[in-house]
Amino acid sequence: MKFALIADEVRVSIDSDSDIVAARQKGRELAAQCGFPSTDLAVVATAISELARNIVRYAVRGEIILRLIDDNGRRGVEVVATDDGPGIPDVTLAMQDGYSTSGSLGLGLPGVRRLMDEFEISSDFGKGTTVTARKWKR
Amino acid sequence: MQVPILKQGAYLIATVQSALTDEDLKQLRDTLVERVSVVRARGVIVDVTALDVIDSFATRTLRDVAHMIRLRGAETVIVGIQPEVAFSMVKLGLTLEGVATSLDLEEGLAYLDRKGKGPGHEVRTHR
């Protein structure tokens, strides 16, 4: 692991649209524990909502892992969205605003990148996708 | 979670009271589009004060509600978007373009009242 864990990680399995709500509420609680300002609580919850919906829409099921992390005294929230779904054939395309294969607005992944401070994506076509995003407390 | 919808005069007021799933949002949309003609409403207010997240799906559904209700001959106004929710929406790239919004219920009602007067009934002010 790259960063020290402040508290136990929270895992939310995602396989229906009510899990999307559960995941973002858990994330908000965790970020509140860490003392994030209310604007950032909404930002983190919104990012989790987009990532969880991607799982339901494209991979059917997966998991959201939420961690409170510490990087030499700097605290933050790490959100990992992981699934073993079909994967993304073209990640560069999927990161473009307005690109969608599902008829959605196509703002999910690029939007999450704008909302959070750090964003990493790895996707193996046919094997699944993992997105890791972090928000640091200012 | 069902969203209560009240009729007040010529308006329907839907007050969201807790987080909504995608399914809840779709149901709200369908119910409003149907009810607007059943009660012959001229305006619809969707109060989202209680929502702590309005993500891409919620935005798209609210926009659809407004556009569908306009096609049914009535006006929609979304009221009560919280400041941190507005911040997140804009960062995400969501703007609710073409949809009327107001600060709160009172402002929303005032907006619909002004709209309802329509052209020809407008009060002229002399400068």
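The values are calculated or read from the model by the stated rules, or taken from the named source; none is laboratory data. Quick caveat: nothing in here was measured; it's all calculated off a predicted structure. Virtual Cβ from ideal backbone geometry, glycine too; neighbours counted across all protein chains shown. Heavy atoms of the whole protein, side chains included, go into the accessibility calculation; ligands, DNA and RNA do not. Shrake-Rupley method; radii C 1.70, N 1.55, O 1.52, S 1.80 Å.
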>> If I ask for residues that are more than 8 Å from chain A (Cβ to nearest Cβ) and among the polar types (S, T, N, Q), which ones from the range B:81-105 would you list?
In response: B:T95, B:T101, B:S102
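Quick grid of which residues meet (1) touching an Asp or Glu at 6+ places or on another chain (Cβ under 9 Å); (2) in a strand (DSSP E or B):
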| site | (1), (2) |
| --- | --- |
| A:G35 | no, no |
| A:T46 | yes, no |
| A:S49 | yes, no |
| A:D70 | no, yes |
| A:R75 | no, yes |
| A:V79 | no, yes |
> Looking at B:I5, B:I45, which is the one that is over 22 Å from A:G106 (Cα atoms), touching a strand residue (DSSP E or B) at 6+ places or on another chain (Cβ under 7 Å) and open to solvent by 20 Å² or more (accessible area, probe 1.4 Å)?
Replying inline: B:I5
>> Return the residues of the range A:11-65 that are open to solvent by 50 Å² or more (accessible area, probe 1.4 Å), within 19 Å of A:L107 (Cα to Cα) and at the interface with chain B (Cβ under 10 Å from one of its Cβ atoms); say none if nothing qualifies.
In response: A:R57
>> Take the residues in the range B:55-80 that are under 15 Å from B:T31 (Cα atoms) and of a type in the set (S, T, Y); name whichever of them is nearest to the other protein chains (Cβ to nearest Cβ).
In response: B:T61
>> Take B:Q2 and tell me if it is within 14 Å of chain A (Cβ to nearest Cβ) and touching a residue at least 24 places away in the same chain (Cβ under 8 Å).
In response: no
>> I'd like the full set of residues that are without any contact (Cβ under 8 Å) to a residue 60 or more places away in the chain, open to solvent by less than 90 Å² (accessible area, probe 1.4 Å) and assigned to a helix (DSSP H, G or I), limited to the range A:83-113.
In response: A:V91, A:L93, A:A94, A:G108, A:L109, A:P110
> Is it fair to say A:I64 is touching a Gly at 6+ places or on another chain (Cβ under 8 Å), modelled with pLDDT of 90 or more and assigned to a helix (DSSP H, G or I)?
Replying inline: no
> Since B:E97 meets every condition but one in (1) in a helix (DSSP H, G or I); (2) modelled with pLDDT under 95, which condition does it not meet?
Replying inline: (1)
